[in-house]
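Before we start, here is the structure in question, set down as structure tokens.
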Amino acid sequence: MGEDATNDVELIDVGKRFGSVIAVAQVNLAVRAGEFFSFLGPSGSGKTTCLRMIAGFEQPSEGRVLLQGRDVAGSPPYDRDVNTVFQDYALFPHLSVGENVEYGLKVKRVGRADRRTRAADALAMVRLDGYGSRRINQLSGGQRQRVALARALVNRPKVLLLDEPLGALDLKLREEMQGELKRIQAEVGITFIYVTHDQDEALAMSDRLAVFSEGHLEQVGPPAEVYERPASAFVAGFVGTSNVITDDLARRLRGSSEAFTVRPEKLRCVPAAAAHDPADGEIRATGRIRTAVYLGERTRFTIDLDGGGELVAVEQNRSDGESQPLATPGTSVRVAWDRRFDQVLPGAPALDPAPTDTAPIDAAPIDEGSTNAAPSEGEACPDPAGS
Ligand code: ATP
């Protein structure tokens, strides 16, 4: 990765150690000017540490951080053209909304009249016109979040760093603020780097996202690419949920023991007794419903495959959930999906030479296979790294 001024932020071989803890290792990343870019990963995966190195609150142990092509080694936060919105907002409770927003400008010795105008503009941008004289403790959580945003925007930074800014808000408000943040980013055109552990949020908001695991990057790409083409079992399990299929089951289904992943919603699942019309290029299997979990808009099925192994499938509830023909555990089913939706996972060991016979599983001799199937809602995501 070279030094490129069209990139607002570049991390080159960046690592960070805290004593014996390796928080970030060998991260290479370029964020383009004007992008909405998310750092997504589980707790402790190094997202905030990377953000803090960009902001200047931490210095890398190795590698270089470039802002607009300039190496910022050693330069303090106030000397970087970035601003940070923290999860806890870090507002001054004894100052009014207007004084909070103006604070950074005052430090920079911007004149009073200019400060007032810019603060009013920033408050209008976050739809808080007229709130300038309110105290912070007279605001709701969502309004405080907006003040924190206005306080960062008023400095007109090239890059805005947002560290789980919506984490303290309830779901409805969070969804509303997600839309607001997208609107504001489109209006001001500055680069947003957004830290979240919420995959839906990252998929909904980002132009591109980077998936972190244990201090390193697993994948960087646009949401659809990361979701549809996960580069590793970790990404398949963390960004959405997925069937990760390995070993014997992979061989039975695809005719090769290369590990692969397929998303539950790509599977078509019908009662075995129903008429079906097999299409070309499909992978097919038979089994029995083990569990059917009604989730409102969809139902999630875990299917025990004939001969061993399991798959998770998701069906939209086009009729009401209770009349779902597959809702009864024990129902015999056929499962099929277009093999174009398979994503082979790189680096996965191929155990044996692939057999040429790719007969569907319901016709094949069966060994016990293994899947790392998608977790149910509320369960921990699978962690193929085993940590
Ligand atoms: P979260 O979503 O929980 O904020 P994160 O992905 O942002 O997590 P980091 O805060 O970057 O993760 O932490 C990465 C690792 O570095 C963790 O193991 C954490 O305990 C460790 N770490 C972070 N800051 C320090 C510090 N100041 N001293 C020691 N270890 C630290």
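No lab work stands behind these numbers, since they all come straight from the coordinates. Everything numeric in this text was worked out from a predicted model, so none of it was measured. Cβ: placed from backbone, ideal geometry, glycine included. Neighbour counts: every protein chain shown.
Given Cα pairs under 8 Å that are at least 6 residues apart, what percent is the relative contact order of the chain?
16 percent
Suppose R0 equals 51 Å; then what is the FRET efficiency for Val344 and Phe92 from their Cβ-Cβ distance, rounded to the nearest 0.05?
0.45
Based solely on C-alpha atoms, express the radius of gyration and the Dmax of the stretch 139-240 in angstrom.
14.4, 43
Given R₀ = 35 Å, what would the calculated FRET efficiency be for Gln316 paired with Thr6, taking r from the Cβ atoms and rounding to 0.05?
Once rounded, the FRET efficiency stands at 0.25.
Stretched out fully, how many nm does the piece from Asn28 to Arg288 gain, at 0.36 nm a residue minus the Cα gap?
Extra length available between Asn28 and Arg288 comes to 89.1 nm.
Only bridges with both residues in the chain count here: give the DSSP antiparallel percent, nearest 5.
So the antiparallel bridges in the chain amount to around 75 percent.
Going by amide H atoms built from the backbone, whose H comes under 5 Å of the H on Phe212, apart from near neighbours?
Under 5 Å from the amide H of Phe212: Leu40, Gly41, Glu218.
Work out, step by step, the length gained on full extension between Arg17 and Glu187: first 0.36 nm times the residue separation, then minus their alpha carbon distance; give nm to one decimal.
57.4 nm
Which entries in the list Lys16/Lys172; Lys108/Lys172; Lys106/Lys172; Lys16/Lys158 go over 29 Å, if you measure between the two C-alpha atoms of each?
Checking Cα-Cα distances, Lys16/Lys172; Lys108/Lys172; Lys106/Lys172 exceed 29 Å.
Roughly speaking, what is the stretch gain from Ala279 to Ala113, that is 0.36 nm per residue apart minus the C-alpha to C-alpha distance, in nm to one decimal?
52.8 nm
Viscosity 0.890 mPa s, temperature 25 °C: give me the Stokes-Einstein translational D for the chain in µm²/s, with Rh taken as the Kirkwood radius over C-alpha pairs.
105 µm²/s
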